Structures are given as C-alpha cells and as structure tokens.
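Encoded as structure tokens, the structure appears first; notes follow it.
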Amino acid sequence: MPESFLGDGLVFEEALPVVWTAGPLAEGLTLARLNADNHQLLGAEASLDEVRVHEALKDESPALVQELQRLEYKVNILLRLTSELALRNSGLPPPQRVRLTSRALEWFAEQIPAVGSTGLLSVYINSALPQAVKFPCVVAGERMQDESRVAQFRFSGTSDAVVEQLDKLIFRHHRRLVAGARLAAG
C-alpha cells in the first residue's frame, strides 16, 4: 500500500508494546464493550497528562492549591510505581515502532500477520497504564521501509467517541514533541 496509508494528518509515532491476536472481527456486544473500555482507558490516559488547577479552585488560598498539587504528584508517583510493577509481571513484548492515527496503525516488526487476516491489535499506549487499547482490525497491507517490514492495520468498528479520544491523544503527543524540540533548540 502507498505511503499515504495513514493519511495526511498528525501521526503518533513511538516504540510501544503491541500484541496481535488473530481471530474474527468483534461485533455486537463484544465490539460495544471494546469501545467502552477503550474510551475509558483513553480518558484515563488523558487525565495523567493534566496537571492543572481546576477552575473551581481559582479563588481558593494558594496554600490549599499548592497542597492539592503536592497530593496529585504523590498519587501520580504511586500510579507509576504500581503500573511499573504490573508491567514487569505481565510479560509484555518489548516495545516496537508503531505509527498510529485514529483509524489505522503501522507496525514495524520482523513477524507480521498475513495481509487480509483479521483479529485484535492490543497497543499499550502509556507505560503508566498497564492496560492496552484493543482495536479489532484487518491487516490491510504490508510495505518495506528501511529494510523493515511494516504491517498496515485498518481499525474496524471503532466508535466516534474512541476516534475523538485517539485524535486528542495524537495531538497531545505532537504538542509534546514540538515543545521538546523548542526546548532543545532554545
């Protein structure tokens, strides 16, 4: 398939643990449950990035706001430690390069599934959350890049709410990359 498989928009490119499970595409209640779980997980991932004082606290004393921020940092540290322990015991595969949009994913791997096969692609999008976003998908194509095989997965049955959350995740990732480049240059 051509290079434009992922489209012209922003792309989340990262090394992430990915697991492929061949099987029929999810339908009905199973698909609805996957979409609900993915929406909840993506919402939780988004909340990890938010370190901001809630609008309701703007009129509170600075000492209270500072104390709440301190507590939030402690909870985040506990969450990261807990998830690190869970990841160590989970037996996840090593991270591999992926390129993700809200509708498709490219996976750079030595062993890739056959074009046309269907199944469930589990992607661990944040090391602080030891749960995967699970996409029912079709292996739509395969290509070569820099002597690497690249499997191209097209998501199937992803709800509009999950697509919106994925778009926000991709935008936040892009914004962090831009901010990091500015810091490095400045």
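The values are calculated or read from the model by the stated rules, or taken from the named source; none is laboratory data. Since the structure is predicted, the reported quantities are computational estimates derived from the model, not experimental observations. Positions of Cβ are backbone-derived with ideal geometry, glycine not excepted, and every protein chain shown enters the neighbour counts.
Things worth noting here:
- Scan the stretch 41-67 for residues that are farther than 25 Å from residue 163 by Cβ and modelled with pLDDT of 65 or more and the total you get is 9.
- Residue among 182, 149, 175 that alone is over 13 Å from residue 99 (Cβ atoms) and surrounded by 13 or more Cβ atoms within 10 Å (Cβ to Cβ): 149
Table: residues versus (1) closer than 19 Å to residue 16 by Cα; (2) hydroxyl-bearing (Ser, Thr, Tyr).
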{"site": "104", "(1), (2)": "yes, no"}
{"site": "114", "(1), (2)": "no, no"}
{"site": "132", "(1), (2)": "yes, no"}
{"site": "135", "(1), (2)": "yes, no"}
{"site": "149", "(1), (2)": "yes, no"}
{"site": "158", "(1), (2)": "no, yes"}
{"site": "166", "(1), (2)": "yes, no"}
{"site": "171", "(1), (2)": "yes, no"}
{"site": "179", "(1), (2)": "no, no"}
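- Scanning the stretch 130-142 for residues that are out of contact with any Pro (no Cβ under 8 Å at 6 or more places or on another chain) and either assigned to a strand (DSSP E or B) or under 16 Å from residue 116 (Cα atoms) (or both) returns 133, 134, 135, 136, 137, 138, 140, 141, 142.
- Residue within the stretch 86-96 that is touching a Gly at 6+ places or on another chain (Cβ under 9 Å), under 14 Å from residue 12 (Cα atoms), in contact (Cβ under 8 Å) with a residue 60 or more places away in the chain and assigned to a strand (DSSP E or B) present: no
- Odd one out for residue 162 among (1) of a type in the set (A, V, I, L, M, F, W, C); (2) closer than 18 Å to residue 16 by Cα; (3) modelled with pLDDT of 90 or more; (4) buried (at least 19 other Cβ atoms within 10 Å of the Cβ): (2)
- Among the conditions (1) in a loop (DSSP other than H, G, I, E, B); (2) within 30 Å of residue 148 (Cβ to Cβ); (3) modelled with pLDDT under 75, residue 9 misses just one, which is (3).
- Filtered by the rule that a residue be within 17 Å of the chain's Cα centre (by Cα), part of a loop (DSSP other than H, G, I, E, B) and more than 22 Å from residue 31 (Cβ to Cβ), the stretch 143-182 gives no residues.
- Just one of the listed residues (77, 112, 125) is in contact with a helix residue (DSSP H, G or I) (Cβ under 9 Å, 6 or more places away or on another chain), β-branched (Val, Ile, Thr) and either exposed (fewer than 15 other Cβ atoms within 10 Å of the Cβ) or assigned to a loop (DSSP other than H, G, I, E, B) (or both), and it is 125.
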